[in-house]
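Trainee: Pasting in a structure now, in structure tokens, and then I'll have a few things to ask.
The values are calculated or read from the model by the stated rules, or taken from the named source; none is laboratory data. Remember, predicted model here, so these are calculated numbers, not experimental data. Cβ sites come from the backbone with ideal geometry, for glycine too, and all protein chains shown count toward neighbours.
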Amino acid sequence: MRREGQTVLSGQWRLVLAITFVVWISSLYAAMWYVNQSEPSIGGESNQEWLVQEGDIVEFEFSVIANGSAHTLVDRILLEYNYNELEQDAWGYRILRVRATDVPTEINVTSIAEQVVSLSGPVQIEQELNGAWEARRDIVLPFFTPIGLWSNLTDEFRSLLPVGASVDHTRSWVGEHIYTLRWVSGGFWYYVMHVWEESDGVLQATTVNVTSSDGETDLFEIHLSGQQMSYETERLQIDNASIRNAVVGLLISVGVVSFPFVGGYALLRGRHASKAEAEEPHFRYQEKYYEISSILDRWDDIERTYRLLWVGANVFCFVLGHGTFALLLRISETATDAFPIYVVIVGGISLGGAIVVVLYRYMARLTRLCSEEITHVFASEVPLISFLLGFVSFLLVPLASSVLTVPTVAGRMIMLSLLVLFVFITVVAYVVMRPSKSLGVTRRALDTELEQIQEHMKQNGEM
């Protein structure tokens, strides 16, 4: 009796596999979009407007890195915002919560730049302190700016600062505009960095470092930890988002439902194969001969399908790792308590890793051939490597850019070495786990086993 090899690596499955991975990857991207859907899709240079409205609230983590008691600008800022009276979060940072009270109706780039440099706006604010809101007039950090003025601000800053000052403007890969201002005045060396979100003009971070001539340094930083913006709940945006949310929900649901469905089919097929083998009264070389022969007859078809499975699994796991890290990053930017952060980190990594392990088992079941050794060769560990690569992919762009931006030659060489090492390890991992190697090992194992069976059958006169 001729029996087909226990495998689904045949031509009829290529379309099914392709559609399955497209659905899973689309589902992941839909989930990533859903997590970040509160971010507005505006902010180009040609679109200049205020998105902040009266009553909008932003919250920052406030920390003092150094205070050399030089009685500088930093001390004035700490006094203005009552640093010592602010409540602390789970990480020990002081919480600075402010809301907009007076938003300009016009956009004057020169005026905005002057207010940023002089720390007097451009949007007037109130600070929440001990349950009450108090106006801040003397020093107003630039918590809000209009969008679309990024290049113009650079020129204005240069014209306002003293002779010899430097102004650097860069745009990060996540859409943040970073301005670094350096100047010397009154015997003090000033370093000020402001970071604004491109899409809504909300301040993401500020660093102020003032060093006196005798070497004493004052340094503080604030980092955005949460925001409540009116544009996020406007009725028009809610109406326009309803259709998108429906489509996103459908994609996510299809991905969630289809993943265990495919796994269930893989397990069921594996059980049927195991049951069929258990019911055999004894090992039959003739049946094994026909089984391996049928696999080798369809080898070209199997090879093409496996390559598709290999590529699909790796792309899916890379997107999964990237999405897992993006979710953790998103939560870490908004959470102010330690417990949900721990839960998300442990849960996110565990869930993402579990899906990769399950996918590994799916591949092992779906590509089951003649023995556990051959099954293991087909179900390679590349999906796990792709998941980890997607998880750390956020580091690749900053690492590459630092090769050009680090001021010292030694620093650039170190960053270049790390980049080369990262690329080298990745290339080696994929070369070692390449499909041709797994397929080659499997083909040689099948040929060897077939030759052994043929030799045994010849000795027993079965051929």
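Trainee: I want to confirm something. Restricting to segment 136-166 and keeping residues that are surrounded by fewer than 19 Cβ atoms within 10 Å (Cβ to Cβ) and of a type in the set (V, I, T), which single residue is nearest to the chain's Cα centre (by Cα)?
Mentor: T154
Trainee: A further question follows. Could you check segment 422-435 and list, in sequence order, the residues that are in a helix (DSSP H, G or I) and surrounded by 11 or more Cβ atoms within 10 Å (Cβ to Cβ)?
Mentor: The first filter runs over segment 422-435 and keeps only residues in a helix (DSSP H, G or I), leaving 422-432, 435.
Listed by number, the residues that qualify are F422, V423, I425, T426, A429, Y430, V432, P435.
Trainee: What number of residues within segment 409-421 are of a type in the set (A, V, I, L, M) and surrounded by 13 or more Cβ atoms within 10 Å (Cβ to Cβ)?
Mentor: Just the residues of segment 409-421 that are of a type in the set (A, V, I, L, M), to begin with: 409-410, 413-416, 418-421.
Narrowing further to those that are surrounded by 13 or more Cβ atoms within 10 Å (Cβ to Cβ): 414-416, 418-419.
Qualifying residue count for the region: 5.
Trainee: Residue by residue through segment 77-124, note down the ones that are of a type in the set (V, I, T) and over 23 Å from M229 (Cα atoms).
Mentor: I77, T110, V117
Trainee: Related question: Please count how many residues of segment 204-217 are surrounded by fewer than 19 Cβ atoms within 10 Å (Cβ to Cβ) and either assigned to a strand (DSSP E or B) or outside the structural domain of H169 (by TED's automatic domain parsing) (or both). Explain how you work it out, then say what you get.
Mentor: Narrowing segment 204-217 to residues surrounded by fewer than 19 Cβ atoms within 10 Å (Cβ to Cβ): 205, 207, 212-217.
From the residues that got through so far, the ones that are either assigned to a strand (DSSP E or B) or outside the structural domain of H169 (by TED's automatic domain parsing) (or both) too are 205, 207, 212, 217.
The total comes to 4.
Trainee: Somewhere in segment 59-73, is a residue at pLDDT below 80, among the small types (G, A, S), within 26 Å of the chain's Cα centre (by Cα) and not in a strand (DSSP E or B)? Don't jump to the end; show me each part of the working.
Mentor: As a first pass, look at segment 59-73 and keep what is at pLDDT below 80: 68-71.
The next check asks that each one be among the small types (G, A, S); those that pass are 68-70.
Still in the running and within 26 Å of the chain's Cα centre (by Cα): none.
No.
Trainee: Let me ask you something else. Residues to consider are S401, S386, S393; find the one that is touching a Cys at 6+ places or on another chain (Cβ under 6 Å), surrounded by 13 or more Cβ atoms within 10 Å (Cβ to Cβ), at pLDDT 70 or above and of a type in the set (S, T, N, Q).
Mentor: Details: S401 fails: touching a Cys at 6+ places or on another chain (Cβ under 6 Å); S393 fails: touching a Cys at 6+ places or on another chain (Cβ under 6 Å).
Sole residue among the options that is touching a Cys at 6+ places or on another chain (Cβ under 6 Å), surrounded by 13 or more Cβ atoms within 10 Å (Cβ to Cβ), at pLDDT 70 or above and of a type in the set (S, T, N, Q): S386.
Trainee: Within segment 198-226, restricting attention to residues that are under 30 Å from the mean Cα position of the chain (by Cα) and farther than 21 Å from D89 by Cα, which residue is modelled with the lowest pLDDT?
Mentor: Ranking the qualifying residues of segment 198-226, first place goes to S199.
Trainee: Also, quick follow-up: Residue check, H71 against (1) touching a strand residue (DSSP E or B) at 6+ places or on another chain (Cβ under 7 Å); (2) at positive phi; (3) surrounded by fewer than 13 Cβ atoms within 10 Å (Cβ to Cβ), all met but one. Which one?
Mentor: (1)
Trainee: Among the candidates Q88, Q127, single out the residue that is more than 22 Å from Y190 (Cα to Cα) and at pLDDT below 95. Break it down stepwise before answering.
Mentor: Values: Q127 fails: at pLDDT below 95.
Just a single option satisfies the conditions, and that option is Q88.
Trainee: Which condition from (1) out of contact with any strand residue (DSSP E or B) (no Cβ under 9 Å at 6 or more places or on another chain); (2) of a type in the set (A, V, I, L, M, F, W, C); (3) in a helix (DSSP H, G or I) is the one that V116 breaks?
Mentor: So V116 meets the others, but not (1).
Trainee: Provide a single number: the residues in segment 74-103 that are out of contact with any strand residue (DSSP E or B) (no Cβ under 9 Å at 6 or more places or on another chain) and either buried (at least 19 other Cβ atoms within 10 Å of the Cβ) or of a type outside the set (A, V, I, L, M) (or both). Give the derivation first.
Mentor: We begin by selecting, within segment 74-103, every residue out of contact with any strand residue (DSSP E or B) (no Cβ under 9 Å at 6 or more places or on another chain); these are 76, 79, 90.
Applying the additional criterion that residues be either buried (at least 19 other Cβ atoms within 10 Å of the Cβ) or of a type outside the set (A, V, I, L, M) (or both) yields 76.
Matching residues across segment 74-103 total 1.
Let's see how each residue does on (1) in a helix (DSSP H, G or I); (2) at pLDDT 65 or above; (3) among the aliphatic types (A, V, I, L, M):
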residue	(1), (2), (3)
V256	yes, no, yes
Y265	yes, no, no
K288	yes, yes, no
E303	yes, yes, no
W310	yes, yes, no
F318	yes, yes, no
